[in-house]
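Right, one structure below, let's go through it.
The values are calculated or read from the model by the stated rules, or taken from the named source; none is laboratory data. Keep in mind it's a predicted model, so treat the numbers as computed, not measured. In this analysis, Cβ positions are derived from the backbone assuming ideal geometry, glycine residues included, and neighbour counts consider all displayed protein chains.
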Amino acid sequence: MRYVFRLKKRRKLLFSKSPVTPKGIYVWGGVGCGKSMIMDMFVASLKVAVRRVHFHSFMQEVQSSLNLARQSKVKDALVPVVKKITDELNVIALDELQIKDITDAMIVGRLFEALLKGGITVVITSNRSPIDLYKNGLNRDLFLPFISFIEANFDVFEVSGVKDYRQTLIAGDKVYFSPLNLENRDCMDLIWSNLTGNSSHEFTLTFKGREIRFPFYKDGVARFDFFEICGQMLGPGDYLAIIDAVRVLMIDNIPQLSRSNFNEAKRFVTLIDAAYESKIRFICSAAAEPEMLYTEGEGSFEFARTASRLREMQSKTWLNAS
């Protein structure tokens, strides 16, 4: 709670009548330490025009707006994009900042500088300290001035020494529920409630011009029905983008798959591979144990590896590390 009190104290300075350009706030710390919760509490305490948005979604909106502005032949496409934001908001809260795309890396510096100069207070959460942003990224030397800008223009807070609250909530508990019955559905609902407080919103991830809808999402925890995530025409890149946006993934109602479900089975294999490689927490309800989910049809023999990974992802070793 001390972080919230410090941010509220900072709020009085941010919204004083001083003509000085407002400083931003940058809160960073390990996965699950409560950064998003701190941001939620801070945003809820504000009495000005504020928008809270996932950083990835915000940058997709910015890139789309820049493309439209360029079509109108303006001299600097960033100017109308920033003006629209400054006309509507006093504060923008960007959750889970991470820079992985060279396009984002090249625009965030000018964007954030323009927002602050326009009188917008920018509040950021991130898993990384400013100095570690875009680490080992392409042409990172061109990105370093942005790090200096953050350090000079943002109050940086580290949330440290806090155990991952998501792991605390489900550590030692079952994460694979079979068969599909009312009892196991209630177990899934209870875990969801513990992780999100039964509060969620729909989230749309845009990847290479395609929109991927998350029906339930909050603070890096996402929940799908099996056919919502494996019944769509999604490829490896789509699943990597989905996994990259979450720390906990919950899938309901995984059926026993047959020959007629070859496409769904193939996508499920791809999804599990992405979740496994990223070492996220995977929680699901299924019609059968992993080894019995896909026993006939093309690729059923190779599915043994997926079943093995599902088993491993239930182990204490995995759960303690993820």
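Only residues that are under 13 Å from the mean Cα position of the chain (by Cα) and modelled with pLDDT of 85 or more were counted across segment 187-202, and they come to 0.
Of all residues in segment 253-270, those that are crowded, with 16+ Cβ neighbours inside 10 Å have Cβ atoms under 7 Å from Cβ atoms of residues that are part of a helix (DSSP H, G or I) and among the hydroxyl-bearing types (Ser, Thr, Tyr), 6 or more apart or on another chain, in 269/306; 270/239.
Residues in segment 38-66 that are of a type in the set (Val, Ile, Thr) and not in a strand (DSSP E or B) were compared, and the one that is nearest to residue 196 (Cα to Cα) is 38.
In summary, helices (runs of 4 or more DSSP H) completely within segment 243-322 and bearing 2 or more residues that are β-branched (Val, Ile, Thr) occur at 262-278.
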